[in-house]
DNA sequence: AATCGTTTGTGACGTAGATCACAGCTCTCA
DNA sequence: TGAGAGCTGTGATCTACGTCACAAACGATT
(Lines give C-alpha, C1' and ligand atoms only; values in the text may rest on other atoms or scores of the structure.)
Protein backbone atom coordinates (compact mmCIF):
# COMPACT_ATOMS: atom_id res chain seq x y z
CA UNK A 1 0.00 0.00 0.00
CA UNK A 2 2.65 2.42 1.09
CA UNK A 3 5.49 1.22 -0.98
CA UNK A 4 8.30 3.28 0.44
CA UNK A 5 7.90 3.15 4.19
CA UNK A 6 11.64 3.07 4.51
CA UNK A 7 11.94 6.38 2.75
CA UNK A 8 12.31 8.59 5.80
CA UNK A 9 12.32 12.26 5.24
CA UNK A 10 15.39 14.22 6.01
CA UNK A 11 13.56 17.01 7.68
CA UNK A 12 14.03 18.26 11.18
CA UNK A 13 10.66 17.17 12.59
CA UNK A 14 8.00 19.18 14.33
CA UNK A 15 10.35 21.68 15.94
CA UNK A 16 11.55 22.99 12.61
CA UNK A 17 8.27 22.56 10.79
CA UNK A 18 7.00 25.65 9.02
CA UNK A 19 3.43 24.39 9.03
CA UNK A 20 3.04 24.43 12.79
CA UNK A 21 0.22 26.49 14.21
CA UNK A 22 -2.25 26.36 17.07
CA UNK A 23 -4.50 23.31 17.42
CA UNK A 24 -2.12 20.90 15.84
CA UNK A 25 -0.55 18.03 17.65
CA UNK A 26 2.72 19.27 16.32
CA UNK A 27 2.24 22.29 18.49
CA UNK A 28 2.11 20.67 21.92
CA UNK A 29 4.18 21.98 24.80
CA UNK A 30 7.92 21.41 24.20
CA UNK A 31 8.28 18.50 26.63
CA UNK A 32 5.13 16.75 25.33
CA UNK A 33 6.30 17.37 21.81
CA UNK A 34 9.61 15.70 22.43
CA UNK A 35 7.87 12.57 23.62
CA UNK A 36 5.32 12.75 20.85
CA UNK A 37 7.98 13.12 18.23
CA UNK A 38 9.72 9.90 19.20
CA UNK A 39 6.50 7.92 18.81
CA UNK A 40 5.96 8.71 15.17
CA UNK A 41 7.81 7.88 12.02
CA UNK A 42 8.31 10.55 9.40
CA UNK A 43 7.90 9.30 5.86
CA UNK A 44 7.23 10.31 2.28
CA UNK A 45 4.45 8.66 0.32
CA UNK A 46 4.36 8.84 -3.49
CA UNK A 47 1.41 10.19 -5.44
CA UNK A 48 -1.34 7.61 -5.85
CA UNK A 49 -0.50 5.60 -2.77
CA UNK A 50 -3.28 4.84 -0.37
CA UNK A 51 -2.56 5.51 3.29
CA UNK A 52 -5.54 3.43 4.33
CA UNK A 53 -8.77 2.03 2.97
CA UNK A 54 -12.32 2.41 4.14
CA UNK A 55 -13.52 -0.53 6.27
CA UNK A 56 -9.97 -1.66 6.93
CA UNK A 57 -9.11 -2.17 10.60
CA UNK A 58 -7.48 0.98 11.92
CA UNK A 59 -3.84 0.39 12.80
CA UNK A 60 -2.25 3.78 12.31
CA UNK A 61 -2.85 7.46 12.73
CA UNK A 62 -1.16 9.95 10.42
CA UNK A 63 -0.33 13.58 10.69
CA UNK A 64 -0.08 15.17 7.29
CA UNK A 65 3.02 17.36 7.14
CA UNK A 66 3.14 18.24 3.46
CA UNK A 67 1.08 17.70 0.32
CA UNK A 68 -2.56 16.89 -0.25
CA UNK A 69 -4.49 13.69 0.44
CA UNK A 70 -7.93 12.95 -0.92
CA UNK A 71 -10.40 11.52 1.54
CA UNK A 72 -13.26 9.57 0.04
CA UNK A 73 -16.07 7.37 1.22
CA UNK A 74 -18.43 5.03 -0.59
CA UNK A 75 -22.10 4.25 -0.49
CA UNK A 76 -23.43 0.72 -0.46
CA UNK A 77 -23.96 0.70 -4.21
CA UNK A 78 -20.30 1.42 -4.81
CA UNK A 79 -20.42 5.09 -5.72
CA UNK A 80 -17.63 7.18 -4.25
CA UNK A 81 -17.83 10.62 -2.71
CA UNK A 82 -15.05 13.06 -2.06
CA UNK A 83 -15.17 13.97 1.60
CA UNK A 84 -12.43 16.54 1.46
CA UNK A 85 -8.88 17.21 0.42
CA UNK A 86 -6.69 16.99 3.50
CA UNK A 87 -4.07 19.68 3.91
CA UNK A 88 -0.84 19.85 5.90
CA UNK A 89 -1.63 19.80 9.60
CA UNK A 90 -4.62 17.51 9.27
CA UNK A 91 -4.72 14.31 11.28
CA UNK A 92 -5.86 11.26 9.34
CA UNK A 93 -7.40 8.15 10.85
CA UNK A 94 -8.05 9.70 14.22
CA UNK A 95 -11.72 8.87 14.30
CA UNK A 96 -11.12 5.22 13.47
CA UNK A 97 -8.35 4.99 16.04
CA UNK A 98 -10.57 6.35 18.77
CA UNK A 99 -13.59 4.27 17.95
CA UNK A 100 -11.29 1.27 17.70
CA UNK A 101 -13.04 0.02 14.62
CA UNK A 102 -12.41 0.48 10.93
CA UNK A 103 -11.40 3.50 8.91
CA UNK A 104 -14.53 5.32 7.82
CA UNK A 105 -12.82 6.80 4.80
CA UNK A 106 -10.14 6.05 2.25
CA UNK A 107 -7.07 8.30 2.24
CA UNK A 108 -5.08 8.51 -0.96
CA UNK A 109 -2.15 10.78 -1.76
CA UNK A 110 -2.81 12.86 -4.85
CA UNK A 111 0.77 14.06 -4.94
CA UNK A 112 3.92 13.08 -3.07
CA UNK A 113 3.11 13.76 0.58
CA UNK A 114 5.01 13.83 3.83
CA UNK A 115 3.33 12.25 6.82
CA UNK A 116 4.22 11.33 10.37
CA UNK A 117 2.75 7.93 11.15
CA UNK A 118 1.90 6.49 14.56
CA UNK A 119 0.89 3.07 15.71
CA UNK A 120 -2.70 3.34 16.87
CA UNK A 121 -1.81 2.05 20.34
CA UNK A 122 1.06 4.47 20.79
CA UNK A 123 -1.11 7.32 19.73
CA UNK A 124 -3.99 6.42 22.02
CA UNK A 125 -1.65 5.80 24.90
CA UNK A 126 -0.20 9.25 24.40
CA UNK A 127 -3.49 11.09 24.33
CA UNK A 128 -4.84 9.11 27.25
CA UNK A 129 -1.92 10.20 29.38
CA UNK A 130 -1.68 13.80 28.33
CA UNK A 131 -4.65 15.93 29.13
CA UNK A 132 -3.20 18.30 26.58
CA UNK A 133 -3.16 15.67 23.89
CA UNK A 134 -6.55 14.39 24.84
CA UNK A 135 -8.15 17.77 24.46
CA UNK A 136 -6.40 18.23 21.14
CA UNK A 137 -7.82 14.95 19.94
CA UNK A 138 -11.31 15.76 21.07
CA UNK A 139 -11.22 19.14 19.44
CA UNK A 140 -9.86 17.81 16.19
CA UNK A 141 -12.59 15.23 15.93
CA UNK A 142 -15.04 17.89 16.80
CA UNK A 143 -13.72 20.00 13.97
CA UNK A 144 -14.01 17.10 11.57
CA UNK A 145 -17.55 16.59 12.67
CA UNK A 146 -18.40 20.23 12.06
CA UNK A 147 -16.73 20.20 8.68
CA UNK A 148 -18.53 17.03 7.68
CA UNK A 149 -21.81 18.51 8.75
CA UNK A 150 -21.16 21.68 6.80
CA UNK A 151 -20.24 19.71 3.72
CA UNK A 152 -23.32 17.55 4.08
CA UNK A 153 -25.53 20.58 4.34
CA UNK A 154 -24.13 22.20 1.26
CA UNK A 155 -24.16 18.97 -0.70
CA UNK A 156 -27.66 17.99 0.26
CA UNK A 157 -29.32 21.34 0.00
CA UNK A 158 -28.03 23.12 -2.96
CA UNK A 159 -24.82 22.27 -4.50
CA UNK A 160 -24.97 21.85 -8.24
CA UNK A 161 -22.31 19.94 -10.10
CA UNK A 162 -20.66 23.22 -11.02
CA UNK A 163 -20.67 24.12 -7.34
CA UNK A 164 -19.00 20.88 -6.37
CA UNK A 165 -16.31 21.35 -8.99
CA UNK A 166 -15.77 24.90 -7.79
CA UNK A 167 -15.43 23.75 -4.19
CA UNK A 168 -12.88 21.14 -5.22
CA UNK A 169 -10.80 23.60 -7.22
CA UNK A 170 -10.80 26.06 -4.34
CA UNK A 171 -9.82 23.34 -1.89
CA UNK A 172 -6.97 22.24 -4.13
CA UNK A 173 -5.54 25.74 -4.01
CA UNK A 174 -6.45 26.73 -0.49
CA UNK A 175 -3.37 27.99 1.23
CA UNK A 176 -2.00 29.51 -1.95
CA UNK A 177 -2.09 33.28 -1.65
CA UNK A 178 -1.67 33.82 -5.35
CA UNK A 179 -4.19 35.99 -7.10
CA UNK A 180 -4.34 33.39 -9.86
CA UNK A 181 -3.36 30.13 -8.17
CA UNK A 182 -2.11 27.33 -10.38
CA UNK A 183 -1.72 23.65 -9.63
CA UNK A 184 -1.25 20.32 -11.34
CA UNK A 185 -4.50 18.50 -11.80
CA UNK A 186 -3.44 14.89 -11.70
CA UNK A 187 -6.93 13.43 -11.76
CA UNK A 188 -8.90 12.37 -14.82
CA UNK A 189 -12.45 13.55 -15.42
CA UNK A 190 -13.56 10.05 -14.57
CA UNK A 191 -11.87 10.22 -11.18
CA UNK A 192 -13.20 13.69 -10.50
CA UNK A 193 -16.67 12.42 -11.32
CA UNK A 194 -16.64 9.59 -8.81
CA UNK A 195 -15.11 11.89 -6.24
CA UNK A 196 -17.91 14.37 -6.63
CA UNK A 197 -20.75 11.92 -6.97
CA UNK A 198 -21.48 12.69 -10.61
CA UNK A 199 -20.58 11.48 -14.10
CA UNK A 200 -17.59 11.88 -16.36
CA UNK A 201 -19.60 13.75 -18.98
CA UNK A 202 -20.91 16.29 -16.49
CA UNK A 203 -17.38 17.05 -15.34
CA UNK A 204 -16.24 17.55 -18.91
CA UNK A 205 -19.12 19.88 -19.57
CA UNK A 206 -18.58 21.93 -16.39
CA UNK A 207 -14.86 22.32 -17.01
CA UNK A 208 -15.49 23.32 -20.62
CA UNK A 209 -17.97 25.89 -19.44
CA UNK A 210 -15.52 27.29 -16.87
CA UNK A 211 -12.86 27.55 -19.55
CA UNK A 212 -15.29 29.18 -21.97
CA UNK A 213 -16.16 31.79 -19.35
CA UNK A 214 -12.44 32.28 -18.65
CA UNK A 215 -12.83 31.42 -14.98
CA UNK A 216 -10.12 28.80 -15.26
CA UNK A 217 -7.44 27.95 -17.81
CA UNK A 218 -6.11 24.48 -18.53
CA UNK A 219 -2.84 23.72 -20.30
CA UNK A 220 -2.10 20.01 -20.19
CA UNK A 221 -2.22 18.99 -16.53
CA UNK A 222 -1.72 22.54 -15.31
CA UNK A 223 -4.85 24.29 -14.14
CA UNK A 224 -4.95 27.98 -13.31
CA UNK A 225 -7.75 29.73 -11.51
CA UNK A 226 -8.24 33.04 -13.24
CA UNK A 227 -11.21 34.37 -11.32
CA UNK A 228 -11.43 32.90 -7.84
CA UNK A 229 -14.40 35.05 -6.93
CA UNK A 230 -16.43 33.62 -9.79
CA UNK A 231 -15.77 30.13 -8.44
CA UNK A 232 -16.80 31.16 -4.96
CA UNK A 233 -20.10 32.38 -6.33
CA UNK A 234 -20.88 28.90 -7.62
CA UNK A 235 -20.70 27.26 -4.19
CA UNK B 1 -37.29 29.40 24.34
CA UNK B 2 -37.81 26.73 26.91
CA UNK B 3 -40.92 27.99 28.52
CA UNK B 4 -41.19 25.67 31.45
CA UNK B 5 -37.76 25.34 32.92
CA UNK B 6 -39.33 25.19 36.35
CA UNK B 7 -41.25 22.10 35.41
CA UNK B 8 -38.92 19.54 36.96
CA UNK B 9 -39.69 15.94 36.33
CA UNK B 10 -40.66 13.76 39.19
CA UNK B 11 -38.54 10.89 38.03
CA UNK B 12 -35.86 9.14 39.94
CA UNK B 13 -32.92 10.21 37.83
CA UNK B 14 -30.28 8.15 36.10
CA UNK B 15 -30.20 5.34 38.64
CA UNK B 16 -33.77 4.36 37.94
CA UNK B 17 -33.72 5.22 34.26
CA UNK B 18 -34.85 2.43 31.97
CA UNK B 19 -33.02 3.90 29.00
CA UNK B 20 -29.56 3.45 30.45
CA UNK B 21 -27.12 1.41 28.41
CA UNK B 22 -23.45 1.35 27.63
CA UNK B 23 -21.78 4.45 26.17
CA UNK B 24 -24.15 6.90 27.73
CA UNK B 25 -23.12 9.42 30.29
CA UNK B 26 -25.98 8.15 32.38
CA UNK B 27 -24.06 4.92 32.67
CA UNK B 28 -20.91 6.11 34.37
CA UNK B 29 -19.50 4.36 37.41
CA UNK B 30 -21.76 4.77 40.48
CA UNK B 31 -19.61 7.34 42.22
CA UNK B 32 -19.09 9.42 39.09
CA UNK B 33 -22.78 9.15 38.34
CA UNK B 34 -23.72 10.54 41.75
CA UNK B 35 -21.58 13.60 41.11
CA UNK B 36 -22.78 13.92 37.54
CA UNK B 37 -26.39 13.69 38.59
CA UNK B 38 -26.13 16.67 40.92
CA UNK B 39 -24.76 18.88 38.15
CA UNK B 40 -27.73 18.54 35.86
CA UNK B 41 -31.31 19.63 36.07
CA UNK B 42 -34.02 17.26 34.95
CA UNK B 43 -36.81 18.96 33.05
CA UNK B 44 -39.65 18.43 30.64
CA UNK B 45 -39.89 20.46 27.47
CA UNK B 46 -43.17 20.73 25.56
CA UNK B 47 -43.54 19.80 21.90
CA UNK B 48 -42.39 22.55 19.57
CA UNK B 49 -39.97 24.16 22.01
CA UNK B 50 -36.48 24.80 20.81
CA UNK B 51 -33.68 23.67 23.09
CA UNK B 52 -31.20 25.81 21.21
CA UNK B 53 -30.73 27.54 17.88
CA UNK B 54 -28.01 27.27 15.30
CA UNK B 55 -25.35 30.01 15.61
CA UNK B 56 -26.43 30.83 19.14
CA UNK B 57 -23.60 30.85 21.70
CA UNK B 58 -23.48 27.47 23.42
CA UNK B 59 -24.43 27.71 27.08
CA UNK B 60 -25.87 24.31 27.87
CA UNK B 61 -25.47 20.64 27.13
CA UNK B 62 -28.48 18.35 27.23
CA UNK B 63 -28.92 14.65 27.68
CA UNK B 64 -32.11 13.46 26.11
CA UNK B 65 -33.91 11.12 28.50
CA UNK B 66 -37.22 10.67 26.74
CA UNK B 67 -38.91 11.72 23.50
CA UNK B 68 -37.55 12.80 20.15
CA UNK B 69 -35.81 16.01 19.14
CA UNK B 70 -35.25 17.12 15.57
CA UNK B 71 -31.81 18.41 14.74
CA UNK B 72 -31.62 20.70 11.74
CA UNK B 73 -29.08 22.92 10.08
CA UNK B 74 -29.36 25.59 7.42
CA UNK B 75 -27.45 26.60 4.34
CA UNK B 76 -26.54 30.18 3.55
CA UNK B 77 -29.58 30.63 1.31
CA UNK B 78 -31.91 29.77 4.17
CA UNK B 79 -32.90 26.24 3.23
CA UNK B 80 -33.12 23.83 6.14
CA UNK B 81 -31.90 20.26 6.33
CA UNK B 82 -32.81 17.57 8.79
CA UNK B 83 -29.60 16.28 10.33
CA UNK B 84 -31.24 13.57 12.38
CA UNK B 85 -33.91 12.80 14.91
CA UNK B 86 -32.29 12.52 18.33
CA UNK B 87 -33.40 9.65 20.52
CA UNK B 88 -33.28 9.03 24.27
CA UNK B 89 -29.67 8.70 25.35
CA UNK B 90 -28.35 11.19 22.83
CA UNK B 91 -26.31 14.15 24.05
CA UNK B 92 -27.23 17.47 22.47
CA UNK B 93 -24.96 20.47 22.19
CA UNK B 94 -21.81 18.58 23.04
CA UNK B 95 -19.92 19.64 19.95
CA UNK B 96 -20.67 23.30 20.50
CA UNK B 97 -19.75 23.05 24.17
CA UNK B 98 -16.40 21.52 23.36
CA UNK B 99 -15.50 23.88 20.58
CA UNK B 100 -16.61 26.73 22.81
CA UNK B 101 -18.35 28.45 19.96
CA UNK B 102 -21.90 28.40 18.67
CA UNK B 103 -24.37 25.57 18.27
CA UNK B 104 -23.91 24.10 14.81
CA UNK B 105 -27.50 22.87 14.68
CA UNK B 106 -30.96 23.73 15.90
CA UNK B 107 -32.61 21.32 18.35
CA UNK B 108 -36.37 21.36 18.52
CA UNK B 109 -38.65 19.00 20.46
CA UNK B 110 -41.16 17.33 18.18
CA UNK B 111 -43.07 15.93 21.14
CA UNK B 112 -42.90 16.51 24.87
CA UNK B 113 -39.38 15.48 25.86
CA UNK B 114 -37.49 14.89 29.06
CA UNK B 115 -33.95 16.22 29.19
CA UNK B 116 -31.24 16.64 31.75
CA UNK B 117 -29.61 20.01 31.21
CA UNK B 118 -26.13 21.09 32.26
CA UNK B 119 -24.38 24.42 32.29
CA UNK B 120 -21.66 24.22 29.69
CA UNK B 121 -18.96 25.04 32.25
CA UNK B 122 -20.15 22.39 34.71
CA UNK B 123 -20.23 19.82 31.99
CA UNK B 124 -16.77 20.62 30.67
CA UNK B 125 -15.35 20.75 34.17
CA UNK B 126 -16.75 17.30 34.80
CA UNK B 127 -15.35 15.68 31.68
CA UNK B 128 -12.01 17.38 32.12
CA UNK B 129 -11.66 15.85 35.56
CA UNK B 130 -12.96 12.39 34.86
CA UNK B 131 -11.01 10.33 32.39
CA UNK B 132 -14.11 8.19 32.22
CA UNK B 133 -16.29 11.13 31.25
CA UNK B 134 -13.70 12.51 28.91
CA UNK B 135 -13.51 9.29 26.95
CA UNK B 136 -17.27 9.15 26.81
CA UNK B 137 -17.38 12.64 25.39
CA UNK B 138 -14.73 11.94 22.80
CA UNK B 139 -16.43 8.78 21.69
CA UNK B 140 -19.82 10.39 21.48
CA UNK B 141 -18.53 13.16 19.28
CA UNK B 142 -16.75 10.59 17.24
CA UNK B 143 -20.00 8.75 16.78
CA UNK B 144 -21.74 11.95 15.73
CA UNK B 145 -19.00 12.57 13.23
CA UNK B 146 -19.37 9.10 11.78
CA UNK B 147 -23.12 9.41 11.61
CA UNK B 148 -22.89 12.80 9.94
CA UNK B 149 -20.45 11.41 7.43
CA UNK B 150 -22.68 8.44 6.68
CA UNK B 151 -25.66 10.71 6.23
CA UNK B 152 -23.70 13.00 3.97
CA UNK B 153 -22.59 10.10 1.84
CA UNK B 154 -26.07 8.76 1.39
CA UNK B 155 -27.54 12.19 0.80
CA UNK B 156 -24.96 13.28 -1.71
CA UNK B 157 -24.58 10.06 -3.64
CA UNK B 158 -27.86 8.47 -4.05
CA UNK B 159 -30.68 9.30 -1.85
CA UNK B 160 -33.87 10.03 -3.70
CA UNK B 161 -36.69 11.91 -2.05
CA UNK B 162 -38.38 8.59 -1.33
CA UNK B 163 -35.19 7.43 0.33
CA UNK B 164 -35.03 10.48 2.54
CA UNK B 165 -38.63 10.03 3.62
CA UNK B 166 -37.97 6.38 4.33
CA UNK B 167 -34.95 7.24 6.45
CA UNK B 168 -36.97 9.73 8.43
CA UNK B 169 -39.80 7.30 9.07
CA UNK B 170 -37.37 4.63 10.20
CA UNK B 171 -35.60 7.08 12.49
CA UNK B 172 -38.89 8.14 14.02
CA UNK B 173 -39.63 4.56 14.98
CA UNK B 174 -36.14 3.33 15.75
CA UNK B 175 -36.16 1.78 19.18
CA UNK B 176 -39.66 0.43 18.74
CA UNK B 177 -39.51 -3.35 18.48
CA UNK B 178 -42.96 -3.63 16.99
CA UNK B 179 -43.34 -5.51 13.76
CA UNK B 180 -45.55 -2.67 12.54
CA UNK B 181 -44.44 0.37 14.51
CA UNK B 182 -46.86 3.25 14.82
CA UNK B 183 -46.26 6.83 15.86
CA UNK B 184 -47.85 10.24 15.78
CA UNK B 185 -46.63 12.33 12.87
CA UNK B 186 -46.91 15.84 14.19
CA UNK B 187 -45.24 17.53 11.25
CA UNK B 188 -46.95 18.94 8.16
CA UNK B 189 -45.80 18.05 4.66
CA UNK B 190 -44.42 21.53 4.41
CA UNK B 191 -42.26 21.00 7.50
CA UNK B 192 -41.13 17.61 6.33
CA UNK B 193 -40.14 19.14 3.01
CA UNK B 194 -37.86 21.75 4.50
CA UNK B 195 -36.40 19.19 6.84
CA UNK B 196 -35.50 16.90 3.97
CA UNK B 197 -34.37 19.55 1.55
CA UNK B 198 -37.21 19.11 -0.89
CA UNK B 199 -40.67 20.50 -1.65
CA UNK B 200 -44.10 20.09 -0.14
CA UNK B 201 -45.50 18.56 -3.33
CA UNK B 202 -42.79 15.93 -3.52
CA UNK B 203 -43.50 14.87 0.06
CA UNK B 204 -47.19 14.56 -0.67
CA UNK B 205 -46.49 12.46 -3.72
CA UNK B 206 -44.04 10.17 -1.94
CA UNK B 207 -46.37 9.57 0.99
CA UNK B 208 -49.27 8.88 -1.37
CA UNK B 209 -47.14 6.41 -3.23
CA UNK B 210 -46.10 4.65 0.00
CA UNK B 211 -49.75 4.42 1.05
CA UNK B 212 -50.77 3.13 -2.39
CA UNK B 213 -48.13 0.40 -2.16
CA UNK B 214 -49.31 -0.39 1.38
CA UNK B 215 -45.87 0.22 2.86
CA UNK B 216 -47.33 2.68 5.34
CA UNK B 217 -50.84 3.54 6.56
CA UNK B 218 -51.99 6.96 7.71
CA UNK B 219 -55.07 7.66 9.80
CA UNK B 220 -55.21 11.29 10.85
CA UNK B 221 -51.90 12.04 12.57
CA UNK B 222 -51.20 8.37 13.26
CA UNK B 223 -48.72 6.75 10.92
CA UNK B 224 -48.10 3.01 10.87
CA UNK B 225 -45.23 1.32 9.12
CA UNK B 226 -46.63 -1.82 7.55
CA UNK B 227 -43.55 -3.09 5.75
CA UNK B 228 -40.34 -1.88 7.36
CA UNK B 229 -38.20 -3.90 4.96
CA UNK B 230 -39.70 -2.11 1.99
CA UNK B 231 -38.69 1.22 3.53
CA UNK B 232 -35.16 0.00 4.18
CA UNK B 233 -34.83 -0.89 0.53
CA UNK B 234 -35.48 2.71 -0.46
CA UNK B 235 -32.52 4.08 1.48
C1' DA C 1 -73.97 25.72 9.36
C1' DA C 2 -71.24 29.23 7.04
C1' DT C 3 -66.79 31.02 6.52
C1' DC C 4 -61.98 31.34 6.28
C1' DG C 5 -57.25 29.72 6.69
C1' DT C 6 -54.43 25.95 6.52
C1' DT C 7 -53.18 21.53 4.77
C1' DT C 8 -53.29 17.98 1.28
C1' DG C 9 -53.82 15.99 -3.42
C1' DT C 10 -52.86 16.19 -8.40
C1' DG C 11 -52.10 17.70 -13.09
C1' DA C 12 -49.00 20.32 -16.54
C1' DC C 13 -44.68 21.74 -17.62
C1' DG C 14 -39.60 23.12 -17.27
C1' DT C 15 -34.86 21.94 -16.16
C1' DA C 16 -30.53 19.80 -14.41
C1' DG C 17 -28.19 16.16 -14.87
C1' DA C 18 -27.83 10.93 -15.98
C1' DT C 19 -27.38 7.87 -19.73
C1' DC C 20 -26.15 6.41 -24.27
C1' DA C 21 -23.55 6.78 -28.35
C1' DC C 22 -19.83 8.02 -30.98
C1' DA C 23 -15.93 10.77 -32.75
C1' DG C 24 -11.53 13.00 -32.22
C1' DC C 25 -7.20 13.06 -29.06
C1' DT C 26 -3.03 11.70 -26.77
C1' DC C 27 -0.04 8.22 -24.85
C1' DT C 28 2.34 4.25 -24.82
C1' DC C 29 4.57 0.47 -26.59
C1' DA C 30 5.95 -2.77 -29.99
C1' DT D 1 5.18 4.66 -37.32
C1' DG D 2 1.25 2.51 -36.57
C1' DA D 3 -2.20 0.26 -33.47
C1' DG D 4 -4.47 0.06 -29.42
C1' DA D 5 -6.15 1.84 -25.06
C1' DG D 6 -7.59 5.20 -22.53
C1' DC D 7 -8.85 9.86 -22.28
C1' DT D 8 -11.86 14.14 -23.71
C1' DG D 9 -15.57 16.59 -26.12
C1' DT D 10 -20.36 16.85 -27.64
C1' DG D 11 -24.85 15.79 -29.31
C1' DA D 12 -29.53 13.12 -28.41
C1' DT D 13 -32.61 11.28 -25.25
C1' DC D 14 -34.63 10.12 -20.65
C1' DT D 15 -35.95 10.88 -15.86
C1' DA D 16 -36.55 12.70 -11.30
C1' DC D 17 -37.83 16.75 -9.24
C1' DG D 18 -38.89 21.50 -8.88
C1' DT D 19 -42.31 24.95 -10.02
C1' DC D 20 -46.78 26.71 -10.86
C1' DA D 21 -51.63 26.43 -10.55
C1' DC D 22 -55.80 25.09 -8.66
C1' DA D 23 -59.10 22.09 -6.36
C1' DA D 24 -60.53 19.35 -2.48
C1' DA D 25 -60.42 18.33 2.51
C1' DC D 26 -60.01 19.60 7.15
C1' DG D 27 -60.29 22.47 11.48
C1' DA D 28 -61.17 26.44 13.97
C1' DT D 29 -64.25 30.52 14.89
C1' DT D 30 -68.18 32.97 14.79
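Miscellaneous remarks
- Looking across segment A:179-190 at every residue that is outside any strand (DSSP E or B) and touching a helix residue (DSSP H, G or I) at 6+ places or on another chain (Cβ under 9 Å), the one that is farthest from DNA strand C (Cβ to nearest atom) is identified as A:179.
- Of everything listed in (1) in contact with a strand residue (DSSP E or B) (Cβ under 7 Å, 6 or more places away or on another chain); (2) at pLDDT 90 or above; (3) in a helix (DSSP H, G or I); (4) within 15 Å of DNA strand D (Cβ to nearest atom), the single unmet condition for residue A:208 is (1).
- Among all residues of segment A:160-168, there is none that is within 15 Å of DNA strand C (Cβ to nearest atom), touching a strand residue (DSSP E or B) at 6+ places or on another chain (Cβ under 8 Å), at positive phi and at the interface with chain B (Cβ under 10 Å from one of its Cβ atoms).
- Selection from segment A:144-156 of residues that are buried (at least 21 other Cβ atoms within 10 Å of the Cβ) and either closer than 30 Å to residue A:207 by Cα or within 16 Å of DNA strand D (Cβ to nearest atom) (or both): A:144, A:148, A:149, A:152, A:153, A:155, A:156
- Checking A:235, A:141 one by one, the residue that is farther than 22 Å from residue A:64 by Cα, within 13 Å of chain B (Cβ to nearest Cβ) and away from DNA strand D (no atom under 16 Å from the Cβ) is A:235 and no other.
- Of everything in segment B:102-126 that is touching a helix residue (DSSP H, G or I) at 6+ places or on another chain (Cβ under 9 Å) and assigned to a loop (DSSP other than H, G, I, E, B), the residue that is surrounded by the most Cβ atoms within 10 Å (Cβ to Cβ) is B:105.
Residues are listed down the side, and each one gets a yes or a no for (1) within 14 Å of chain B (Cβ to nearest Cβ); (2) at pLDDT 85 or above:
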{"residue": "A:38", "(1), (2)": "no, yes"}
{"residue": "A:49", "(1), (2)": "no, yes"}
{"residue": "A:52", "(1), (2)": "no, yes"}
{"residue": "A:64", "(1), (2)": "no, yes"}
{"residue": "A:96", "(1), (2)": "yes, yes"}
{"residue": "A:111", "(1), (2)": "no, no"}
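The values are calculated or read from the model by the stated rules, or taken from the named source; none is laboratory data. Values in this document were obtained by computation on a predicted structure and should not be read as measured data. So basically every Cβ, Gly included, is an ideal-geometry build from the backbone, and we count neighbours across all protein chains shown.
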